[in-house]
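Student: Quick one: the structure is below, questions incoming.
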Amino acid sequence: MAVIGISPCRKLEDYRQSVLHVGGDPRVLDLGTPPGHALDGLNGLLLTGGDDVAPERYGEARHPSVVEAERGRDEFEIALIKEARARQLPIFAICRGVQVLNVACGGTLVQDIPSQITGALAHSLPCPPNQPFTLAHEVWLEKESLLSRLMKERLADVDTCEVNSRHHQAVKAVAPGFVVSATAPDGVIEAIEDPAQPFCIGVQWHPENFFRTGEFRPLFEGFLDAAEGIKK
């Protein structure tokens, strides 16, 4: 059974359940652990949602809307990402996760979609109780991407799917070596991936919220398959 390290956040259960539902062994990491040690014994790294990456980390002045994440989280996750990539561990990054992944690898962020992108869709929708999977907008997947190949059976010969959305930031300048694998109709980047790594995908929506209904199960299955390959 592949062991998946999950970066700590305030809402962990859906991430844990998503890993369990595809046969993985979830392990929540501790911010106080040295990143190199935190990755020992893991077969994959799941980066979770949360508040914003400090703009100073990608060389920009802070927008008034920025809500910085828990103390020490940026440092911990950036170091984790760099070490995991050096070890070629599979990485699946979700919401804040894709943002910190992009920053750790040399990219930048849109700090506030509503005020910085003209004509933007609503990307930060409230999450009603017991309805975390409320769909917000569609995303357009790049045909030759790993993301598209994983979702092929669910897409039914189309290149779009509907997603939930709870973010006010997004990838701006894509980190070197990464490619865009999905965008929203307003041009906001919704997913990136690194073709040079065994599995390194980041998505801006919350596929973990669908663990009961399975709409995005193929993403977790693909992640776990890659992690099983590392184990072998």
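The values are calculated or read from the model by the stated rules, or taken from the named source; none is laboratory data. Keep in mind it's a predicted model, so treat the numbers as computed, not measured. Reconstructed Cβ throughout: ideal geometry from the backbone, glycine too, with neighbour counts over all protein chains shown. Surface accessibility is based on the protein's heavy atoms, side chains included, excluding ligands, DNA and RNA. Shrake-Rupley method; radii C 1.70, N 1.55, O 1.52, S 1.80 Å.
Student: Go over the candidates 12, 20, 47, 31 one by one and state the one that is within 17 Å of the chain's Cα centre (by Cα), surrounded by fewer than 20 Cβ atoms within 10 Å (Cβ to Cβ) and aliphatic (A, V, I, L, M).
Tutor: Numbers: 20 fails: within 17 Å of the chain's Cα centre (by Cα); 47 fails: surrounded by fewer than 20 Cβ atoms within 10 Å (Cβ to Cβ); 31 fails: within 17 Å of the chain's Cα centre (by Cα).
Going through 12, 20, 47, 31 in turn, just one is within 17 Å of the chain's Cα centre (by Cα), surrounded by fewer than 20 Cβ atoms within 10 Å (Cβ to Cβ) and aliphatic (A, V, I, L, M): 12.
Student: Oh, and also: Could you please tell me which pairs satisfy a Cβ distance under 9 Å, a separation of 6+ or placement on different chains, a first residue in region 54-69 that is more than 23 Å from residue 10 (Cα to Cα), and a second residue that is open to solvent by less than 80 Å² (accessible area, probe 1.4 Å) and hydrophobic (A, V, I, L, M, F, W, C)?
Tutor: Close Cβ pairs satisfying both conditions: 58/103; 58/109; 58/173; 60/109; 62/54.
Student: Just to be sure I understand, how many residues within region 94-114 are more than 15 Å from the chain's Cα centre (by Cα) and either open to solvent by less than 10 Å² (accessible area, probe 1.4 Å) or of a type in the set (A, V, I, L, M) (or both)?
Tutor: Residues in region 94-114 being more than 15 Å from the chain's Cα centre (by Cα) and either open to solvent by less than 10 Å² (accessible area, probe 1.4 Å) or of a type in the set (A, V, I, L, M) (or both): 3 in total.
Student: Right, another one. Out of all the residues in region 194-232, which are within 19 Å of residue 88 (Cα to Cα), part of a helix (DSSP H, G or I) and aromatic (Phe, Trp, Tyr)?
Tutor: The answer is 220, 223.
Student: Looking at region 30-45, can you tell me whether even one residue there is closer than 18 Å to residue 166 by Cβ and assigned to a helix (DSSP H, G or I)?
Tutor: no
Student: Within region 50-63, which residues are open to solvent by 20 Å² or more (accessible area, probe 1.4 Å) and among the aliphatic types (A, V, I, L, M)?
Tutor: 61
Student: Of the residues that sit in region 34-44 and are touching a helix residue (DSSP H, G or I) at 6+ places or on another chain (Cβ under 9 Å) and touching a residue at least 12 places away in the same chain (Cβ under 8 Å), which one is surrounded by the fewest Cβ atoms within 10 Å (Cβ to Cβ)?
Tutor: So, considering only residues that are touching a helix residue (DSSP H, G or I) at 6+ places or on another chain (Cβ under 9 Å) and touching a residue at least 12 places away in the same chain (Cβ under 8 Å), the one surrounded by the fewest Cβ atoms within 10 Å (Cβ to Cβ) is 36.
Student: Separate question: Is it fair to say residue 91 is farther than 18 Å from residue 59 by Cα, touching a residue at least 60 places away in the same chain (Cβ under 8 Å), open to solvent by less than 10 Å² (accessible area, probe 1.4 Å) and among the β-branched types (Val, Ile, Thr)?
Tutor: It is true that residue 91 is farther than 18 Å from residue 59 by Cα, touching a residue at least 60 places away in the same chain (Cβ under 8 Å), open to solvent by less than 10 Å² (accessible area, probe 1.4 Å) and among the β-branched types (Val, Ile, Thr).
Student: When you go through (1) open to solvent by 50 Å² or more (accessible area, probe 1.4 Å); (2) in contact with a strand residue (DSSP E or B) (Cβ under 7 Å, 6 or more places away or on another chain); (3) modelled with pLDDT under 95 one by one for residue 155, which number turns out not to apply?
Tutor: Among (1) open to solvent by 50 Å² or more (accessible area, probe 1.4 Å); (2) in contact with a strand residue (DSSP E or B) (Cβ under 7 Å, 6 or more places away or on another chain); (3) modelled with pLDDT under 95, residue 155 violates only (1).
Student: Taking the conditions exactly as written (outside any strand (DSSP E or B) and touching a Leu at 6+ places or on another chain (Cβ under 9 Å)), does residue 185 satisfy them or not?
Tutor: Criteria met by residue 185.
Student: Could you give every pair whose Cβ atoms fall below 8 Å, whose first residue belongs to region 113-125 and is assigned to a strand (DSSP E or B), and whose second residue is exposed (fewer than 15 other Cβ atoms within 10 Å of the Cβ), counting only separations of at least 6 or pairs across chains?
Tutor: Pairs that qualify, where the first residue is assigned to a strand (DSSP E or B) and the partner is exposed (fewer than 15 other Cβ atoms within 10 Å of the Cβ), are 124/114.
Student: Would you please name the residue that is farthest from the chain's Cα centre (by Cα), looking only at residues in region 64-88 that are part of a helix (DSSP H, G or I) and surrounded by fewer than 19 Cβ atoms within 10 Å (Cβ to Cβ)?
Tutor: Filtering region 64-88 for residues that are part of a helix (DSSP H, G or I) and surrounded by fewer than 19 Cβ atoms within 10 Å (Cβ to Cβ), the one farthest from the chain's Cα centre (by Cα) comes out as 86.
Student: Follow-up. Taking the residues in region 167-182 that are open to solvent by less than 30 Å² (accessible area, probe 1.4 Å) and at pLDDT 95 or above as candidates, determine which candidate is nearest to residue 105 (Cα to Cα).
Tutor: Restricting to residues being open to solvent by less than 30 Å² (accessible area, probe 1.4 Å) and at pLDDT 95 or above, the top hit is 175.
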